[in-house]
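These notes are about the structure you will find just below.
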Amino acid sequence: MIPHERSALRRLIETRLRDTRPATDPGAALPAGLAAEAASGIRRYFPPRPVAAAVLLPIVDRPEGLSVLLTRRSLALKHHAGEISFPGGRIEPGDGGPLDAALRETQEEIGLPREHVTPAGYLDPHLVLSGFWVTPVVGFVRPGFTLELDRREVDATFEAPLLHVFDARNHQPRERRIGDVTVRMYDIRYGEHLIWGATAAMLLELYRLLANPQD
C-alpha cells in the first residue's frame, strides 16, 4: 500500500531504491512497459546495438505533496516530438555514468541546477524503438528552482501529483502494435496531458516497486 502522507511516501521511495545500481549490460534492458515474457516476441524489432542513455525522474518535494516534473518535447525534434517525457539523453564519453548524464542533460534542457537534486536510486533500464537503452535515475528535487528551457528540445514543463500518477484508476490500458505483435501497455492521463510510452512505463515501474510488498 502506498502511503498518502508526503514524508512517509518519500521514505518509502528512499528505502526501496537504496543501494540500487545502474545496469551495465544493454541486454538487461526490456522494451519499455513490458515484462520479460511479453518482450521476447518483439525484441527483434528493436535496434541490435542500442545507445546508452539516461533520464532523470524528478520528484519535487513540495510541502503540499510530492509531484513529478515532466517535459513536453519540442515539435521540431526528430524523435518523440511533442511527447511527454523526462529530461535526459545519451550518455557521453565525458559523463561519469547515468547519474552524471541525467543531471547534465536536465540542466541543459530545462535549466534545473544539479544542486537542487538529491539522487535516490535507479530503476531498471528500458529499451526504446528510437535506438536507446535508457536508465531512469530517480531524484528528489528541492523547491525554489527557476527553470530555463532550451526551446530547441522542450516546449513546456508541468508537474503532476505523484499520488495521481500512482492511482491505479488513472492507469489506462491500451493495445499497441509493434511489428506483427500486439502488446498491452498503459497510459496515464493528467488534465490535458497524456503520459504514455517509456515515460509512463518508468512511472509504473516505480509504482509497482512501491506497491508490492518486499521481503
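Estimated purely from DSSP H runs of n ≥ 4, each contributing -39500 (n - 2.57), the mean residue ellipticity at 222 nm for the chain is -6500 deg cm²/dmol once divided by its residues.
For the chain, dividing the convex hull volume of the Cα atoms by the residue count gives 130 Å³ per residue. Equivalent ellipsoid of region 110-198: semi-axes from √(5λ) of the C-alpha gyration tensor, largest first, are 27, 17, 15 Å.
Across region 39-156 the C-alpha pair distances fall into 10 Å bins from zero in the proportions 14, 43, 33, 8, 1 percent.
Of Val154, Val55, Val181, which is the most mobile in a GNM of the chain whose springs link Cα atoms less than 10 angstrom apart? Comparing Val154, Val55, Val181 in a Gaussian network model of the chain, the most mobile one is Val181. Taking Asp180, Asp95, Asp167 as the candidate residues, the one with maximal mean-square fluctuation in a Gaussian network model of the chain, Cα springs under 10 Å, is Asp180. Relative contact order of region 103-215: 19 percent, from C-alpha pairs under 8 Å at least 6 residues apart in sequence.
The relative contact order of the chain, computed from alpha carbon pairs under 8 Å that lie at least 6 residues apart in sequence, is 27 percent.
Where a number appears in this text, it was derived from the coordinates with a stated rule and is not lab data. Everything numeric in this text was worked out from a predicted model, so none of it was measured.
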